Amino acid sequence: MKRLLTIALVLALLGAGIFWGLTMPSVTTAADLPTHTPDAERGALVYAMGGCASCHAAQGEGADPSVLSGGLALKTDFGTFRAPNISPHPQAGIGGWDMAAFVTAMQHGVRPDGAHYYPAFPFTSYSRMPVRDVMDMKAHMDTLPQSDVASLPHELGFPFNIRRGLGLWKMLYLSDAPIQPAPKDATLAFGQTLVEGAGHCGECHTPRNAIGGMDMSRWLGGGPNPDGPGKIPNITPHANGLGGWSAEDIAYYLESGFTPDFDSAGGSMADVIKNTSQIPPEWRAAIAAYLKSVPEVAPAAE
C-alpha cells in the first residue's frame, strides 16, 4: 500500500509539473519588439478598427466614450465577464504598462503579472495584427483620459475560474498564422490583416464549440450570438450571407450602417459601424474585397 501511495504521489507531482509547463504563459520582451516609432495618429485608426471602446468605454447614459473605465458585462455559458479599465490611469488602468507588456496582453493574452486572460478578450484575433499596429494603438490609447474606476471581477464558477488552465486552451486556439492563405494582391492582403486581426470579425461571426473555441471549418459562417439572444449572420460570399452584396455595398454598409435593402445595422453591429465609419475609405474597401474572397460557408443544418 505504501508503495502504491508513493507511486501515486510521484505520478501526481509529475502530472502537475507537466500541466505547469504546458500552461506557462508566453510573453513578448522589449528585445522582441521591432524598431518602430509608434504613430499615435495611425494608432487612432487601428484603435477604431479594433473596437476597443465598444467594450471598454465608461457605462451609463451620457458617459464619455473616450474614457475606457470598463464595466460592460458579457454574459456567456461560462459565466459573466466584465470588461476592465484600460484607460491610461497608472494604477486602475494600464498606464503603468510598458510597450512589451501591452503587446504581450494583446497578442499572447497574458497579464503583466503572468496570469492568462480569458478569450472574452479577443487576443486570438489580435495575435494576427502586425506588431507595429499594436504599438501604434498603445501610443493613441496613452493620449486618452485617465479613469480611477476599479475594474470589476468576473463572475465564473469552477473550473472556469482557474486561469492557469487557459494555457491548455491556448495550445488549441491561439495562433498568429493567417486563417486563409495570404493573398498576393496588396488590397486583399491588407483586408485580411484587418478582418482576421484588428477587426476580429470571426470572434462573433464564427460559431464556437463546447469549450469556446472557434469552429474554423465554418469561419465567418454565422451562428448563435455569443453573449445574448439571437443569431450572428453569415458574412461569407454564400447566397445566405453576403453573396448578393457587391464589394461597394459592403464598404458603404461599414461606413453608413445601411444595407442594400435599405435596412440599417442594429444591436452590437451598430457599435461596430460607429468604429468602421471612422477608418479611411481604402480600409473599408480592403475589408469588403477580402470578405468577397473568402470561402463560402453554407447554412448549418438546423
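Quick look at the numbers
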| quantity | calculated |
| --- | --- |
| First in the stretch 61-83 and within 20 Å of Ala120 (Cβ to Cβ), second anywhere and part of a loop (DSSP other than H, G, I, E, B) and among the acidic types (Asp, Glu), Cβ under 8 Å, 6 or more apart | Leu74/Asp227; Lys75/Asp227; Thr76/Asp227 |
| Of all residues in the stretch 255-283 being part of a loop (DSSP other than H, G, I, E, B) and either of a type in the set (Val, Ile, Thr) or within 22 Å of Trp219 (Cβ to Cβ) (or both), the one that is modelled with the highest pLDDT | Ile279 |
| Among (1) part of a helix (DSSP H, G or I); (2) buried (at least 20 other Cβ atoms within 10 Å of the Cβ); (3) not basic (Lys, Arg) - the single one Tyr252 does not satisfy | (2) |
| Residue count, the stretch 133-156 (criterion: touching a strand residue (DSSP E or B) at 6+ places or on another chain (Cβ under 7 Å), open to solvent by 60 Å² or more (accessible area, probe 1.4 Å) and hydrophobic (A, V, I, L, M, F, W, C)) | 1 |
| Qualifying positions in the stretch 269-300 - polar (S, T, N, Q) and within 14 Å of Gly50 (Cα to Cα) | Asn275, Thr276, Ser277, Gln278 |
| Filter result (at pLDDT below 95, of a type outside the set (A, V, I, L, M, F, W, C) and over 13 Å from Leu291 (Cα atoms)) within the stretch 234-252 | Asn240 |
| Residues of the stretch 21-69 satisfying the condition of being open to solvent by 30 Å² or more (accessible area, probe 1.4 Å) and of a type in the set (Gly, Ala, Ser) | Gly21, Ser26, Ala30, Ala31, Ala40, Ala44, Ser54, Gly60, Gly62, Ala63, Ser66 |
| Selected residue [surrounded by 14 or more Cβ atoms within 10 Å (Cβ to Cβ), touching a helix residue (DSSP H, G or I) at 6+ places or on another chain (Cβ under 8 Å) and more than 25 Å from Pro38 (Cβ to Cβ)] from Pro130, Pro119 | Pro119 |
| Filtered residues of the stretch 75-98 (kept if more than 17 Å from Ser54 (Cβ to Cβ), touching a Leu at 6+ places or on another chain (Cβ under 8 Å) and open to solvent by 50 Å² or more (accessible area, probe 1.4 Å)) | Phe78 |
| Cβ-Cβ under 8 Å pairs, at least 6 apart or on other chains, the stretch 269-294 side of a type in the set (Lys, Arg), far side open to solvent by 60 Å² or more (accessible area, probe 1.4 Å) | Arg284/Glu255 |
| Leu11 being aliphatic (A, V, I, L, M), surrounded by 10 or more Cβ atoms within 10 Å (Cβ to Cβ), modelled with pLDDT under 90 and touching a Leu at 6+ places or on another chain (Cβ under 8 Å) | no |
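Results for (1) modelled with pLDDT of 90 or more; (2) assigned to a helix (DSSP H, G or I); (3) surrounded by fewer than 19 Cβ atoms within 10 Å (Cβ to Cβ), shown as yes or no for each residue.
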position	(1), (2), (3)
Phe158	no, no, yes
Trp169	yes, yes, yes
Pro178	yes, no, yes
Pro181	yes, no, yes
Lys184	yes, no, yes
Gln192	yes, yes, no
Gly197	yes, yes, no
Cys204	yes, yes, no
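The values are calculated or read from the model by the stated rules, or taken from the named source; none is laboratory data. Only a predicted model underlies this, so the values are computations on that prediction, with no experimental measurement involved. Don't worry about glycine lacking a Cβ; one is built from the backbone with ideal geometry, like all the others, and counts go over all protein chains shown. For the accessible areas, the whole protein counts, side chains as well, though only heavy atoms, and no ligand, DNA or RNA atoms are used. Shrake-Rupley method; radii C 1.70, N 1.55, O 1.52, S 1.80 Å.
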